[in-house]
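Report on one structure; see the data block that follows.
The values are calculated or read from the model by the stated rules, or taken from the named source; none is laboratory data. Not measured: the values here are computed from a predicted model. Don't worry about glycine lacking a Cβ; one is built from the backbone with ideal geometry, like all the others, and counts go over all protein chains shown.
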Amino acid sequence: MAASLVTTAVLLPDIVVRQILLRLPPEPWRLPRAALVCKRWRNIVREAHFRRQYRARHSGRRAPVLGVFYNDDVPAAPACRFITSGCARDLALSPAGGLDRPRLLPWPRCPARRQVLPSRLGPRLR
Amino acid sequence: MAAPESGDGNNGAARMVTLISSDNTRFEVEAAAASLSQTLQLTILDGGGGGGDGIPLPNVDSATLSKVLEYCIKHAPAAANGGAPNATAVDRAELERFDNEFVNIDQSVLYSLIMAAHNLEIEGLQSLVAKKVADMIKGKSPMEIRRTLGFPDPTPEEQAEMNAHMLEYGWAYE
């Protein structure tokens, strides 16, 4: 009898938690939120295997294009621009996390917006 | 004994098996329904569970098992048809309605069901209950998820860790 006395989700085994998290809809903010719930969930969300499964499961839906990089090759001031696509639900790359670690941050709602980034952040286009 | 194993019970009475819950309640169900459980399927194919024997399920109590069997009995005919081919839209809508109502239950029952579906490896039920929990937490903040799912309040250590991650993922809080 004791075996079925699972009264909170805390006691669910990893394999079951994976099944639950795999079924979260594939918007970019879902997994980070789930990752904050507790350490165990965080470790699951971090698993490469889990993320492959999650991607495979939702592959029918295309990953949102957050925006595109392009180079402004003005010799005097080379810069790479990042243009948000507007379909990114207000998320955009921002250099706020330090120039080596651009991060997704909320962006004011607008159809498209430009952000000049140091050229080493973006791919060099020829 | 000479009966061909291939007969799916369409001629005459369907084959029945007995399952015994952890609290010693006996449940007699059609083999086809019990066979939705991958765990039980082999035993049943081997001829187990018939007669006076019964298959003991030490991990599942009677309340949970009766709920599990309710699901299996409802889904067995569709599963026997290989899922879809002859299923009409009406049948499928009916199953969907059943599923929705089926998981409209107390959380403690839901968790017992999740564990039973996991232990008995009933794929459709595993999927159904996992989806239910995913639906319960989607759109919620991490703290709301913790509360919804009955996590205890975070320890200071956990709280500190959440705060640290907030710095990185703060946007997810809106």
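Here are the numbers:
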item: Residue check, B:L40 surrounded by 14 or more Cβ atoms within 10 Å (Cβ to Cβ), among the aliphatic types (A, V, I, L, M) and in contact (Cβ under 8 Å) with a residue 24 or more places away in the chain; result: yes
item: Count of the stretch B:120-145 residues which are within 19 Å of B:A79 (Cβ to Cβ) and either touching a Pro at 6+ places or on another chain (Cβ under 8 Å) or not β-branched (V, I, T) (or both); result: 10
item: Residues being more than 7 Å from chain B (Cβ to nearest Cβ), in a helix (DSSP H, G or I), modelled with pLDDT under 90 and over 14 Å from the mean Cα position of the chain (by Cα) - total across the stretch A:1-38; result: 2
item: Of all residues in the stretch B:54-69 being part of a loop (DSSP other than H, G, I, E, B) and out of contact with any strand residue (DSSP E or B) (no Cβ under 7 Å at 6 or more places or on another chain), the one that is surrounded by the fewest Cβ atoms within 10 Å (Cβ to Cβ); result: B:P58
item: Flag for B:A93 being assigned to a helix (DSSP H, G or I) and either in contact (Cβ under 8 Å) with a residue 12 or more places away in the chain or facing chain A (nearest Cβ under 8 Å) (or both); result: no
item: Search result, residues across the stretch B:25-37 that are surrounded by 15 or more Cβ atoms within 10 Å (Cβ to Cβ) and part of a loop (DSSP other than H, G, I, E, B); result: B:S35, B:L36, B:S37
item: Near pairs, Cβ below 7 angstrom, 6+ apart or cross-chain, from the stretch B:158-174 (modelled with pLDDT of 75 or more) to any residue that is outside any helix (DSSP H, G or I) and not aromatic (F, W, Y); result: B:E158/A:C38; B:M162/A:L36; B:M162/B:P154
item: Single residue of B:I114, B:I137, B:I105 found to be within 27 Å of A:C38 (Cα to Cα) and facing another protein chain (nearest Cβ under 7 Å); result: B:I114
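Listed here are the residues, each with its yes/no results for (1) more than 30 Å from B:T25 (Cα to Cα); (2) not in a helix (DSSP H, G or I).
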site: B:R97; (1), (2): no, no
site: B:V129; (1), (2): no, no
site: B:E144; (1), (2): yes, no
site: B:P152; (1), (2): yes, yes
